[in-house]
Amino acid sequence: MSSDLERIQALQGGTRRWYYISEERFVTATTVFIPFGCPDWGAPGGVRKPQLCPFCNLPDAAIDYQRKFYGGPIPLKEHVRLFRLTLQAALESAPGTHTLNIFNAGSFLYMPFELQEEVVRAVREMADVRRLVIESRANFINPERVDPLLEFLETVALTIRVGVETKEHHLRTKVLPKGQSVEQLVAAGACMRQRGVTSGGYVLLKPAPGLNCHEAIAEAKATIEWVVGSENDSLGMDEAYFCAACVPPKGRLFEAWQAGTFQPATLSMVLEVIRFAAERFGRRVHLLPFTDVPPFVAIPSNQVAQAIPEDLTGAPGSDLAFHAVFEKYRQTMDKAVLVAPAE
Ligand code: SF4
């Protein structure tokens, strides 16, 4: 019989230093997970779904959690109880938390409103945070779902992150396939802008097999431009969260990696894109860590063709130096540190 302690530990995503654009300073951001999963694509019961986004391990991770600790789906009341316990533990270990990330392995706005309401109630009662960050697919970001949430949040500011991943339509809708149309993304951006909600889009470098180095770099740069740029056809979001697509321990991207048909982008490719982003958009583009729960089996390397595991086991010294540069950038958001180490 598993204890609450084990269940809660698995739902704490830790604390990180985060650049807060609204106040142009670094703040403490703490992450808490709700193991709700991703029934966003219409899976019955909300726990089983085909893995539609091959780079994403979140639905499987939520299902594994549900099976391990509950033998199946978790009742809503238990989600609320778990969330309260997890939030309390997370805040105790991260005093001074400014920003609370609540990630549910799918769209926060897709969860039953009753659960959203209870979660926000817990945040308001238990946490003195300034900002709440959630994730959602674009098609759920509409006045019907966002307005009631804002009402409950009162003075707590809201950020909604959207998995844009790539600008290229065929790649985004057919290869990945995220299933988010341009119209849905534009409408979501407008909905957030009109309500003062901070908006952000995830951007992935080399998100699928079949892209060569030059195509992948050009695609990632164009996507960053599209997400945070101010051209007429851009999404005009406030922030972008950039990362290379890394390989989770199962799913379609993992199978492609095992078959030798996919390798994550190299460290040099990541550097080229984040330098471009930092030059053009400053601190509005974050470089996310190459980490996940459960850990990635392959993350960017310059030296190892099949890439290296998340814990950097077996990484040559020059890869370690490169990763140290990226970590320094995450800690400082100072573009001057974005210099390739000697190989
Ligand atoms: S990327 Fe988002 S929509 Fe796709 S499987 Fe993961 S959680 Fe679900």
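The values are calculated or read from the model by the stated rules, or taken from the named source; none is laboratory data. Keep in mind the model is a prediction, meaning the values are calculated, not measured. Positions of Cβ are generated from backbone atoms using ideal geometry, with glycine treated the same way; all protein chains shown enter the neighbour counts.
Considering R330, R280, R284, which residue is loosely packed, with under 15 Cβ neighbours inside 10 Å and under 24 Å from G163 (Cβ atoms)?
Going through R330, R280, R284 in turn, just one is loosely packed, with under 15 Cβ neighbours inside 10 Å and under 24 Å from G163 (Cβ atoms): R280.
Kindly indicate whether V133 is of a type in the set (A, V, I, L, M), closer than 27 Å to G201 by Cβ and touching a Cys at 6+ places or on another chain (Cβ under 7 Å).
No.
Which residues, taken from region 105-118, are assigned to a helix (DSSP H, G or I) and closer than 15 Å to P75 by Cβ?
Result: E114, L115, E118.
I need the full set of residues from region 262-318 which are in contact (Cβ under 8 Å) with a residue 24 or more places away in the chain, among the aliphatic types (A, V, I, L, M) and not in a loop (DSSP other than H, G, I, E, B), in order please.
L267, M269, V270, L271, V273, I274, A277, A278, V285, L287, A298, I299
Residues are listed down the side, and each one gets a yes or a no for (1) within 12 Å of the ligand (Cβ to nearest atom); (2) in a helix (DSSP H, G or I); (3) surrounded by 17 or more Cβ atoms within 10 Å (Cβ to Cβ); (4) not aromatic (F, W, Y):
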position	(1), (2), (3), (4)
G96	no, no, no, yes
V120	no, yes, yes, yes
L132	no, no, yes, yes
R145	no, yes, yes, yes
R161	yes, no, yes, yes
Q184	no, yes, yes, yes
A188	no, yes, yes, yes
C191	no, yes, yes, yes
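If you check D60, D128, which single one turns out to be surrounded by fewer than 20 Cβ atoms within 10 Å (Cβ to Cβ), modelled with pLDDT under 95 and within 16 Å of the ligand (Cβ to nearest atom)?
D60
Find all pairs meeting these conditions: Cβ atoms under 7 angstrom apart; at least six residues apart or on different chains; first residue within region 52-78 and closer than 20 Å to P207 by Cα; second residue polar (S, T, N, Q) and within 15 Å of the ligand (Cβ to nearest atom).
Listed pairs, sorted by first residue: P59/Q51; D60/Q51.
State which residue pairs qualify: first residue hydroxyl-bearing (S, T, Y) and inside region 97-108, second residue in a loop (DSSP other than H, G, I, E, B) and within 11 Å of the ligand (Cβ to nearest atom) in any location, beta carbons under 7 Å apart, and separation of 6 or more residues or different chains.
Short answer, once both residue conditions are applied: S107/D40; S107/S136; S107/R137.
For region 212-233, which residues satisfy the criterion of being modelled with pLDDT under 95 and small (G, A, S)?
S230
Which one is nearest to S107 (Cα to Cα), of the residues in region 193-211 that are surrounded by fewer than 21 Cβ atoms within 10 Å (Cβ to Cβ) and modelled with pLDDT under 95?
This residue is P209.
Can you run down the residue pairs with Cβ atoms below 6 Å, 6 or more apart or on separate chains, where the first is in region 163-184 and free of Cβ contacts under 8 Å to residues at least 12 places away in the same chain and the partner is of a type in the set (S, T, Y) and part of a loop (DSSP other than H, G, I, E, B)?
Short answer, once both residue conditions are applied: R172/T166.
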